[in-house]
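Engineer: To start, I am sharing the structure in question, which I have written as structure tokens.
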Amino acid sequence: MAEPVPPPIPKSSFGAKFRYGAEAALFFSFIGLFRILGIDGASALGGFIGREILYRTSVTKRARDNLKKAYPEKPADEVESILKEMWDNLGRTIAEYGHLDKLSMHGKDPRIQVDNLDMAADVIAKQGGKGVLFVSGHFANWEVMPFAATQFGLQGGEVYRPLNNPYIDRWMVRQRIKNGPADQIAKGASGTKKIFTLLRGGKSIFLLVDQKTNEGLPAPFFGRIAMTTPAPAALALKLGAVLLPARNERIGGARFRMTAYPPIEFVPSGNHDDDVLALTIKINEAIEKCVRERPSQWLWIHRRWPKPGDVPRSRRGREAAQALAGAGVRVEREGSSLT
């Protein structure tokens with residue numbers, strides 16, 4: 001079997017190459033520092049930077065607003081506690097990128113525990129050649145899910161969004177390959193073909209589905225409309241793949257637990273557009289349940305919900321927004337004109 005090959009560096013202008021090179025030099029300087037400190041030291045330093053520095057940046061206001069809208073009943077001190085732990089986790093996660101090769105469930109010092117993955121393996125065995133879509137979000141160190149599943153023995157591919165800097169992106173792919181799936185699938189047309197091939201071969205696909213997608217469908221998330229990718233639902237319906245929610249949890253320092261949940265149950269009605277929306281709503285419900293189990297380990301800094309005045313870009317998205325608004329689903333407290 002041939003060794004997996006990271007994506008090639010795309011051609012670019014001299015100015016772009018210079019900028020990418022400068023960014024990469026700074027990035028790898030920090031990675032070098034984190035490598036010197038070891039995984040536990042790097043994680044601790046990253047947590048300190050998150051709690052004491054990143055927490056004090058203006059980005060925290062967005063996270064605070066998101067939290068207050070999701071949990072209007074929580075007192076201010078509890079919200080701030082969640083925010084500090086979120087930044088601690090994010091700082092640790094960034095520092096741990098220098099040590100992805102150590103995030104393993106095997107060896108003398110295993111860093112990953114798994115919960116309920118035997119259930120996932122049974123589901124896969126009973127599928128009769130159909131694939132499985134693991135759907136998750138930015139929980140704890142989000143690189144853990146595909147690592148844990150791969151090391152458990154589940155074959156498949158990881159879908160990722162390429163970074164703007166091609167040098168850093170290529171390095172990141174190399175790190176993921178060391179402990180995770182050999183198939184690193186960049187979002188895009190060619191990536192979609194690879195996903196189809198793997199699912200039709202009875203393999204698994206690992207997806208993070210918790211970020212805003214303007215081209216997606218409006219689906220409730222914490223009681224408000226959130227633009228959500230319809231890709232997992234569409235793939236599951238087209239190929240008969242099973243949807244398995246999963247969550248990563250930091251259980252102390254640079255140690256994690258990856259939990260798989262029972263499959264999302266869904267009976268298609270036969271109307272494709274309605275079924276994609278209904279199944280997308282179920283996926284959001286599963287992700288929301290995971291967030292609620294430990295909200296401080298989800299990335300609240302995302303622009304997850306539309307701003308006032310945002311409108312879905314696709315016709316299907318606009319029609320879905322109108323249908324949900326007609327059913328009484330809240331759009332935005334500020335009165336976002338999704339419909």
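Engineer: What does DSSP give for the range 104-326 in terms of the percent of beta bridges that are antiparallel, rounded to the nearest 5?
Structural biologist: So the antiparallel bridges in the range 104-326 amount to around 35 percent.
Engineer: Label points 7 Å out from Cα along the Cβ direction at Asp274 and Asp118: separation in nm?
Structural biologist: Taking the simple label geometry, Asp274 and Asp118 are separated by 4.1 nm.
Engineer: Here's a follow-up. State which entries of Lys187/Lys238; Lys84/Lys282; Lys74/Lys289 exceed 25 angstrom in Cα-Cα distance in the structure shown. Working shown, then result.
Structural biologist: On the way: Lys187/Lys238 19 Å; Lys84/Lys282 30 Å; Lys74/Lys289 17 Å.
Where the Cα-Cα span goes over 25 Å, the pairs concerned are Lys84/Lys282.
Engineer: Need the list of aspartates and glutamates near Lys194 for cross-linking: C-alpha distance under 16 angstrom, and skip anything on the same chain fewer than eight residues off.
Structural biologist: List returned: Glu158, Asp183.
Engineer: What does the net charge come to around Lys282 if you take all other residues with beta carbon closer than 14 Å to its beta carbon, with K and R at +1 and D and E at -1?
Structural biologist: Numbers: positive: Lys289; negative: Glu265, Asp274, Asp275, Glu285, Glu288.
Here the count lands on -4.
Engineer: Take the Cα atoms of the chain, find their three principal axes, and give me the spread along each one in whole Å, biggest first.
Structural biologist: Extents along the principal axes: 57, 50, 46 Å.
Engineer: Express in nm, to one decimal, how much length is gained between Glu23 and Gln127 on full extension, taking 0.36 nm for each residue of separation and deducting their alpha carbon distance. Before the final figure, lay out the partial values.
Structural biologist: On the way: separation 104, 0.36 × 104 = 37.44 nm, distance 4.52 nm.
Contour length minus the Cα-Cα distance gives 32.9 nm.
Engineer: Taking the beta-carbon count within 10 Å as an exposure proxy, list Thr229, Thr60 from fewest neighbours to most. Don't skip to the answer; put the middle values down first.
Structural biologist: Details: Thr229 22, Thr60 18.
Ranking Thr229, Thr60 by Cβ neighbours within 10 Å, fewest first, gives Thr60, Thr229.
Engineer: For the chain, modelled as a Gaussian network with Cα springs under 10 Å, which listed residue fluctuates most, Pro268, Pro230, Pro166?
Structural biologist: So, out of Pro268, Pro230, Pro166, the one fluctuating most is Pro268.
Engineer: At what distance in angstrom do the alpha carbon centres of the range 47-113 and the range 118-158 lie from each other?
Structural biologist: Here the answer is 24 Å between Cα centres.
Engineer: Further question on the same structure: In which sequence would His272, His302 go, from the one with the fewest C-beta neighbours within 10 Å to the one with the most?
Structural biologist: His272, His302
Engineer: Nearest 500 deg cm²/dmol is fine: what mean residue ellipticity at 222 nm does the chain get from its DSSP H runs of n ≥ 4 alone, each adding -39,500 (n - 2.57), divided by its residue count?
Structural biologist: So the helix-based figure for the chain works out to -15500 deg cm²/dmol.
Engineer: Also, quick follow-up: Using 0.36 nm per residue, how much length does the chain from Arg303 to Ser13 gain when fully extended, once their Cα-Cα distance is taken away? List each step's numbers first, then the result.
Structural biologist: On the way: separation 290, 0.36 × 290 = 104.40 nm, distance 3.13 nm.
That works out to 101.3 nm of additional length.
Engineer: Starting at the first residue of the range 204-220, write each ³J(HN,Hα) from the Karplus equation 6.51 cos²θ - 1.76 cosθ + 1.60 with θ = phi - 60°, in whole Hz, x for Gly and Pro.
Structural biologist: Per residue, the Karplus-derived 3J(HN,Hα) values read 9, 10, 10, 10, 9, 10, 9, 9, 5, 10, 4, 7, x, 10, x, 9, x Hz.
Values quoted throughout were computed directly from the atomic coordinates according to the rules given, and no laboratory measurement underlies them. Since this is a predicted model, take the numbers as computed values, not measurements. All Cβ positions, glycine included, derive from the backbone under ideal geometry; neighbour counts span all protein chains shown.
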